[in-house]
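K.L.:
Just passing along the structure, written as structure tokens.
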Amino acid sequence: MKNRAAYFGVFTALALIFSYVEMLIPIQFGVPGIKLGLANLLIVIMLYKCGPKEALLLSVVRIVLSGFIFGNMFSIIYSLAGGILSLAVMAFLKGRGSFSVMGVSIAGGVCHNMGQLAVAMAVVETYRVGYYLPVLLIAGMLTGMLIGIVSNEVLKRIRNINLY
């Protein structure tokens, strides 16, 4: 039981480090809000190793802390919208049992961008930002695939480690 807090602390620290590293990567995709989503690697691993409740807690803690450290209130709101929608879809698909880790991660990447786009539409009070949707769908698929590949490899290597 006491290992739970230690593992959660390690996952939170790693997620914050990954968020920081991602902020340092000078990749500009030409569309606001597109990132690699390195911290989502830990969310996917937590979802598979510990379950949706723990993954949700990690996601919210990571988003809020990284928002206060590296961003602002708007970045927290956008990230929470994307993160919660993404995790809900990933948990649902994982629970069905007919999707691979990569498939779950791709769906998560796409839904993360859709959640953020929905908030952007509400904030700017126009549907015109919806023109970004095709680019965001492709970006979500590509980043979700990358995170899915890495998550699957990590999960294979830690399958004998019981986190909770």
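K.L.:
Would you please list the contacts, defined by Cβ atoms under 6 Å and residues six or more apart or on different chains, that run from a residue in region 130-147 that is in contact (Cβ under 8 Å) with a residue 40 or more places away in the chain to a residue that is not in a helix (DSSP H, G or I)?
P.N.:
Pairs found: Tyr132/Val31; Val135/Val31; Ala139/Ile34; Thr143/Leu36; Thr143/Gly37; Ile147/Gly37.
K.L.:
Given the residues Lys53, Lys35, which is the only one that is among the basic types (Lys, Arg), open to solvent by 50 Å² or more (accessible area, probe 1.4 Å) and closer than 30 Å to Arg128 by Cβ? Break it down stepwise before answering.
P.N.:
Working: Lys53 fails: closer than 30 Å to Arg128 by Cβ.
Of Lys53, Lys35, the one residue that is among the basic types (Lys, Arg), open to solvent by 50 Å² or more (accessible area, probe 1.4 Å) and closer than 30 Å to Arg128 by Cβ is Lys35.
K.L.:
Follow-up question, since we're still on this one. Of the conditions (1) surrounded by fewer than 23 Cβ atoms within 10 Å (Cβ to Cβ); (2) assigned to a helix (DSSP H, G or I), Asn160 clears all except one; give me its number.
P.N.:
So the condition that Asn160 fails would be (2).
K.L.:
To continue, here is another question. Answer with yes or no whether Met114 is in a helix (DSSP H, G or I) and open to solvent by 30 Å² or more (accessible area, probe 1.4 Å). Spell out the reasoning first.
P.N.:
On the way: in a helix (DSSP H, G or I): yes; open to solvent by 30 Å² or more (accessible area, probe 1.4 Å): yes.
In short, yes.
To keep it simple, each residue is scored yes or no on (1) of a type outside the set (Phe, Trp, Tyr); (2) without any contact (Cβ under 8 Å) to a residue 60 or more places away in the chain; (3) on the phi < 0 side of the Ramachandran plot.
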site	(1), (2), (3)
Gly37	yes, no, no
Leu56	yes, yes, yes
Gly83	yes, yes, yes
Gly108	yes, no, yes
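K.L.:
Which condition does Thr126 not pass, out of (1) in a loop (DSSP other than H, G, I, E, B); (2) modelled with pLDDT of 90 or more, if it passes all the others?
P.N.:
(2)
K.L.:
Do any helices (runs of 4 or more DSSP H) entirely within region 1-105 hold 1 or more residues that are out of contact with any helix residue (DSSP H, G or I) (no Cβ under 8 Å at 6 or more places or on another chain) and among the β-branched types (Val, Ile, Thr), and if so, which?
P.N.:
On the way: elements: 2-24, 40-49, 52-70, 73-96.
Passing ranges, in order: 2-24.
The values are calculated or read from the model by the stated rules, or taken from the named source; none is laboratory data. Quick caveat, the model's predicted, so the values are computed rather than measured. With ideal geometry, Cβ positions are generated from the backbone for all residues, glycine too; neighbour counts draw on all protein chains shown. We work out accessible area using only protein heavy atoms, side chains counted, and drop any ligands, DNA or RNA first. Shrake-Rupley method; radii C 1.70, N 1.55, O 1.52, S 1.80 Å.
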